[in-house]
Amino acid sequence: MKKRRVGGVACSPDWETIGGDGARRIDPMAEFLQFAFSGLTVGAVYALVALGFTLIYNASGVVNFAQGEFVMLGGMSTVFLALAGVPLPLAALIAVIVAVAIGLALHRFAIEPARGASAVTLIMITIGASIFLRGAAQIVFDKRFHSLPPLLGADPIRFDGAAILPQSLVVLAGAAIIVALLWGVIDRTLLGKAVIATAANRLAARLVGINTRRIVDFSFGVSAAIGAIAGILVTPITLTSYDVGTLLALKGFAGAMLGGIGSAFGAVVGGLLLGLLEAFSAGYISSNYKDAVAFLVILAVLFIMPRGLLGRAQVERV
Amino acid sequence: MKVLNHIVAAVSIGVSILFAAPNQTWAQTKIGAVLSVTGPASFLGDPEKKTLEIYVEAINAQGGVNGQKLQLVVYDDGGDANNARTFATRLVEEDKIVAMVGGTSTGSTLAMIPVFEEAQIPFISLAGAVQIVEPVRKWVFKTPHTDRMACEKIFADLKHRNLTTIAIISGTDAFGKSMRDQCVAVAPKFSINIAHEETYGPRDSDMTPQLTNIRNKTDVQAVVNTGFGQGPAIVTRNYRQLGITLPLYQSHGVASKQFIDLAGPAAEGVRLPAAALLVADKLPDSDPQKLVVVNYSRAYQQKTGQSVSTFGGHAYDGLMILVQAMQRAKSADKVPVRDEIEKTKGYIGTGGVVNMSPTDHMGLDLSAFRMLEIKHGDWTLVPDAGS
Amino acid sequence: MSMRALLHHRLAPVAAIAVILLLLPLLFPSTYYYRIGALVFIFALASLGVNLLMGFAGQVSLGHAGFLGIGAYAVAIGATHLGAPSWLSILGGASLSGLIAFIVGRPILELKGHYLAVATLGFGLLVAIVLTNEAAWTGGPDGMLVPHLVLFGFPLRGSQAWYWIGGITFVVGMVLALNLIDSPTGRTLHAIHDSEVASRMLGIDVARHKLVIFVISAIYASVAGSYLALLNELITPDVSGFLRSIELVAMVVLGGMGSVIGSLVGAALLIVLPQILTILQEYEQMVLGIVVMGFMIFLRQGIVPGIAAALGRMRT
């Protein structure tokens, strides 16, 4: 390990401390912070995927397993457009628009025609859609891994002994902005009220003159946009390829359920929590079993709180 | 009505099973390939498929083998050993191939071996694990270096640099785990002490927790990462992010220039054992492999627009060994072809110089691996690496 | 019995499938077809179990491939580490799966809907992770070799043998399932499916009935997994992976939830279709996705109920 010399005195790296007895000890706070940031970064992606799940579920009752593919589309489209010479900001914008278009198409051509079908049928349609999108991505893009240049440079920021990538902060900030914007729209605008109404009772919403079809369009479109933006922001850290969507959908779904389906805030909390669980398990317990530990915790939470951390009570009419 | 259900179902099942239609057979030399073109191993299978298609076309353009054109039948097992077995059966029974070059991963290879052994069809595997050719099976060969050889090359280099205490971080996929097991097995031979181990899932996107734990082990002098695909690139980036300055070794699973592009400046100083293919242009003209690897690199890059990878190279070697065996045997019959494959001597391929024998169905020795180091964003040969 | 009564007998579907089972090999030109047939019957058995859970009891399981894995590895570990004959390992695996289903099912089945889905998803993932990591027992990600089945001194290996074993087991499984459905337990499950709250008010022990079905479906999947391992003489951890679980659910939903024959049709579709589509090479996945979406949009109750309903409409 390299020793830095400061003022003629040899120092150890800033995650180590020299104890009173001269022995080198690892600073547990630095370690904790490192794991926490790792978990928050990955968790932010899960949170955005979970948010997408929740939006669509609230507006239409469909659990959209193609949600992960929007993240893939955002990253991969941007990469390939940039490779073709399109300037990066424009490429990102086009990628998001493409994702939104696909989200709308998913609603209009796959979900709408099957309206009234059982929940399982609808889920199977979204699974078919994700298979289709992955298959198309193989052909339109390629099967290799790709990256994007980070927004604020690649040099890590040293904070209290932990090394954080600036892009992590970009991801977290991006997620916060999206959540805030969404909350603002839902809570403060007429459109938002219409969304809430549609989610609460579709028939009643139509009766008061809300075009529920457009509302569901809106939710699919916004979910796709959120997913795509998440993909673009996180690709500089996690890389992207045509099949990143499957695992993300799985984890995003788990995060959404952990937080409680139907609650947007819960989705974000659930996603972040899942990311943190993975990172802490890998760091403190066993890297082999980190996914297992994360899921065990989710199961434990669900047993104690069967509606997730922040889920609403579901009323069953007899 | 229930009866309708029965009739409907009966007809659909019967018809559907029959519809798994066989391919037509023409008078051509048919060779088969079951590859993982999609799925978790597509990083390996895709270049393999492209390579086979490019070179079968090239061979046919020059008149084929023994006067007959080659027909390549490729099936995609999606990384699933069960599917691999089904397609192997299909190749043997329906397509009636005379030889097989394929089996992207060890799992699919092991699943298919019984099919080819029973049908007595030569099978050249493209997978890495040593148990494919140990114990030697009559009809099974392989072209890639074994993961054990990769470990030996790395350990020899470590010893040369006087680094004896290491940590291993491995992917939990078959490739990563298999090589990790081999490294653990051969470490005592080189007096290497493995002080700490961590793992990561092949699709994980952040390995800083695991690397932080490694960093905290103050006796570790170097780190070896066994894995393939995106994992090693992320490990390398995280490595620099955490400010770890210990020597980092990757494995031959990294296999292409894309790794350097993805890992960026973090890749500086990383060493790995690899086939000469990766440094084609930097080989001295006197190197026996130079011509072959340069030609393959150029052809592959030109036809696909992607940088060359050693996995594609193994497919090239497999095809060429097969074709040359057929030419020497002057026939496509299974038995003489198999015998000629086994007699391959001095075949210069992308992986090295191949000398097979009845007890060695791979034919490469440790000199086929070169130790490379990444400097200024490009591969360089490490001179005087230990052997 | 009159012809009408025969056709409407509740076990008539069994007879139809048995007839198909017997006659189909006459059309098989090679072992490849026997292998496809064997795979179809094996997966149909597993999907029948999932169908009982989803179609009849109205629950959901996104982790049932975990039981496939337990049954498969029971045979592998039994032979390699415990020296047990394979037929005993099949029974052992089934018992183990039943036991695990019993223990895990009790708490899990109290969850509803999507929460149940996530819990079962977690279970499946846990099984897959354990199978991948505990390499000393399970051979790790490369899997384990499995010696073939030997019964009364006769080796039973290869696609032909397993076509018959799988087919007969499926027919037996059908009989058991149909009997279950028409029994008081089955009717209770139907009531629970309709409304758990109402059933509870009628004094039905909802939890117990759901658990019974969960255990039964686990056993079906376990036996199917054991057969798969013995057919391939090799098993890898992705037998219990997430994608495998989704495949089972897809077989049930595509074939027709609540239709016993639908399980077979769904399995046949998802095993035979990729074999046909493979000629499309790169476009296979896209077409597969479109096929799944298409079936679900136009035959939303599943293939068998959907076609039957359409035929019924045509007749009137």
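Assorted remarks:
- Restricting region C:91-108 to residues that are buried (at least 19 other Cβ atoms within 10 Å of the Cβ) and within 11 Å of chain A (Cβ to nearest Cβ), the residue that is modelled with the lowest pLDDT: C:108
- Test: residue C:227 is within 14 Å of the chain's Cα centre (by Cα) and touching a residue at least 40 places away in the same chain (Cβ under 8 Å): yes
- A count restricted to region B:155-182 and to residues that are within 18 Å of the chain's Cα centre (by Cα) and in a helix (DSSP H, G or I) stands at 9.
- Test: residue in region C:19-39 that is of a type in the set (Lys, Arg), more than 15 Å from the chain's Cα centre (by Cα) and surrounded by 19 or more Cβ atoms within 10 Å (Cβ to Cβ): yes
- Residue match in region A:82-89 (condition: at negative phi, away from every other protein chain (no Cβ under 14 Å) and in contact with a Leu (Cβ under 6 Å, 6 or more places away or on another chain)): no
- Qualifying residue in region C:128-142 (condition: of a type outside the set (Ser, Thr, Tyr), surrounded by 21 or more Cβ atoms within 10 Å (Cβ to Cβ) and away from chain A (no Cβ under 14 Å)): yes
- For region A:149-161, the criterion of being on the phi > 0 side of the Ramachandran plot and charged (D, E, K, R) is satisfied by at least one residue.
- Pair list, Cβ under 6 Å, 6 or more apart: region C:297-316 residue in contact (Cβ under 8 Å) with a residue 12 or more places away in the chain, other residue of a type in the set (Ser, Thr, Tyr): C:304/C:259; C:305/C:259
- Here region B:204-220 is the region considered, the condition is being free of Cβ contacts under 8 Å to residues at least 40 places away in the same chain and within 14 Å of residue B:172 (Cα to Cα), and the residue that is surrounded by the most Cβ atoms within 10 Å (Cβ to Cβ) is B:207.
- Pairs are defined by a Cβ separation below 9 Å, a sequence spacing of at least 6 or placement on different chains, a first member in region B:96-107 that is in the same structural domain as residue B:39 (by TED's automatic domain parsing), and a second member that is basic (Lys, Arg); the pairs so defined are B:96/B:30; B:97/B:30; B:98/B:30; B:98/B:334; B:99/B:30; B:99/B:334; B:99/B:338; B:103/B:142.
- Any hit, region A:256-279, residues being modelled with pLDDT of 90 or more, crowded, with 18+ Cβ neighbours inside 10 Å, assigned to a loop (DSSP other than H, G, I, E, B) and within 14 Å of chain B (Cβ to nearest Cβ): no
- Test: residue in region C:234-242 that is among the acidic types (Asp, Glu) and part of a helix (DSSP H, G or I): yes
- Once region A:112-127 is narrowed to residues that are out of contact with any helix residue (DSSP H, G or I) (no Cβ under 7 Å at 6 or more places or on another chain) and not small (Gly, Ala, Ser), the residue that is farthest from residue C:286 (Cα to Cα) is A:115.
A quick yes/no check of all residues on (1) over 25 Å from residue C:180 (Cα atoms); (2) among the basic types (Lys, Arg); (3) touching a Cys at 6+ places or on another chain (Cβ under 6 Å); (4) at the interface with chain B (Cβ under 10 Å from one of its Cβ atoms):
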| position | (1), (2), (3), (4) |
| --- | --- |
| C:13 | no, no, no, yes |
| C:24 | yes, no, no, yes |
| C:44 | no, no, no, yes |
| C:49 | no, no, no, no |
| C:55 | no, no, no, no |
| C:58 | no, no, no, no |
| C:71 | no, no, no, no |
| C:77 | yes, no, no, no |
| C:80 | yes, no, no, no |
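- Criterion applied to B:33, B:41 was being assigned by TED's automatic domain parsing to the domain that holds residue B:305, at pLDDT 95 or above and closer than 30 Å to residue C:242 by Cβ, and the one residue passing it is B:33.
- Segments classed as helices (runs of 4 or more DSSP H), wholly inside region A:97-211, with at least 1 members that are within 14 Å of chain C (Cβ to nearest Cβ): A:119-140
- Filter result (among the hydrophobic types (A, V, I, L, M, F, W, C), under 17 Å from residue B:166 (Cβ atoms) and out of contact with any Cys (no Cβ under 7 Å at 6 or more places or on another chain)) within region B:210-241: B:211, B:214, B:220, B:222, B:223, B:235
- Residue under evaluation residue C:277, criteria (1) buried (at least 21 other Cβ atoms within 10 Å of the Cβ); (2) more than 9 Å from every other protein chain (Cβ to nearest Cβ), criterion not met: (1)
- Options A:205, A:194, A:224; residue that is in contact (Cβ under 8 Å) with a residue 24 or more places away in the chain, small (Gly, Ala, Ser) and surrounded by 15 or more Cβ atoms within 10 Å (Cβ to Cβ): A:224
- Per-region count, region C:47-77, residues in a helix (DSSP H, G or I) and surrounded by fewer than 24 Cβ atoms within 10 Å (Cβ to Cβ): 2
- Residue in region B:194-205 that is within 26 Å of residue A:171 (Cα to Cα), in the same structural domain as residue B:262 (by TED's automatic domain parsing) and among the β-branched types (Val, Ile, Thr) present: yes
- For residue A:231, the criteria (1) away from chain B (no Cβ under 14 Å); (2) within 17 Å of the chain's Cα centre (by Cα); (3) of a type in the set (Gly, Ala, Ser); (4) on the phi < 0 side of the Ramachandran plot hold in every case but one, which is (1).
- Listed conditions (1) hydroxyl-bearing (Ser, Thr, Tyr); (2) crowded, with 19+ Cβ neighbours inside 10 Å; (3) more than 11 Å from every other protein chain (Cβ to nearest Cβ) are all met by residue B:164, apart from (2).
- Verdict on residue B:320 being over 22 Å from residue B:44 (Cα atoms) and either assigned by TED's automatic domain parsing to the domain that holds residue B:96 or crowded, with 18+ Cβ neighbours inside 10 Å (or both): no
- Candidate set: region A:105-120, residues that are within 25 Å of the chain's Cα centre (by Cα) and surrounded by 17 or more Cβ atoms within 10 Å (Cβ to Cβ); chosen: the one farthest from residue A:220 (Cα to Cα): A:120
- Options B:290, B:303: the member that is under 26 Å from residue B:100 (Cα atoms), modelled with pLDDT under 95, among the charged types (D, E, K, R) and surrounded by fewer than 24 Cβ atoms within 10 Å (Cβ to Cβ): B:303
The values are calculated or read from the model by the stated rules, or taken from the named source; none is laboratory data. Since we're looking at a predicted model, the values are computed, not measured. Every residue, glycine among them, receives a Cβ derived from its backbone with ideal geometry; neighbour counts consider all protein chains shown.
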